[in-house]
Structure formats: structure tokens, C-alpha cells
Amino acid sequence: QLMDILGNQSDFVKGRALMSAFMPLMKALEQSGKFLQCVKLGCEQQGRPGGNVRLPLLPIEDTFKKEMISVIDNTRASLHSILN
């Protein structure tokens, strides 16, 4: 949808709003050092199986998991409000 908004509709205001909504999630993914674990958690939050990580990676701690779920939920709500 981002490419459609920018490329086809040339709606750069909405495009910037979408990217701003994504930034907290991208920051959390990149700076946590647990990219794969977060992607798997995101899949689970969408109702898709994420599975477990293989060694040497470890599952994410409950505290961090709660923080990531909050970031995912906030991102989803922001995107929903921009797109609808």
C-alpha cells in the first residue's frame, strides 16, 4: 500500500505519515538484537505460526515480549487510523 500511495497516488503526506507510524517498530526491530525473534512474535500476533528459534538464538524474555506486543499494537492502530 505504501508504494501505491507514493507511486500511483503521489500522496506524499500520507506516505510520510505511514513511515512515521512504522518507525517505532523498525527501531525496536533493529536495535533489540532480537530481529528474528521479533519477526516470529509479529507473525504470532497476526495469527500466523511463528515457531521457535533455533540455537544459538534464544526465545525472548516475557518483559521484552510485552514491550514488543505493545509496539506492534500501537503500530497497527496508527496504520489503521491513517489508512481508514
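Each value in this text was obtained by applying a stated rule to the coordinates, not by laboratory testing. In this text, all values refer to a predicted model and were calculated from it rather than measured experimentally. Because the Cβ atoms are built from the backbone with ideal geometry, glycine has one as well, and the counts that use them run over all protein chains shown.
Details
- Taken about its Cα centre, the chain carries a charge dipole of roughly 100 debye when the Cβ of each Lys and Arg holds +1 and the Cβ of each Asp and Glu holds -1.
- The calculated FRET efficiency for the pair H80 and Q31, based on their C-beta separation and a Förster distance of 35 Å, comes to about 0.90.
- Overall shape: prolate for the chain, with the ratio a/c of the largest to smallest alpha carbon gyration tensor axis at 1.5 or above and a/b above b/c.
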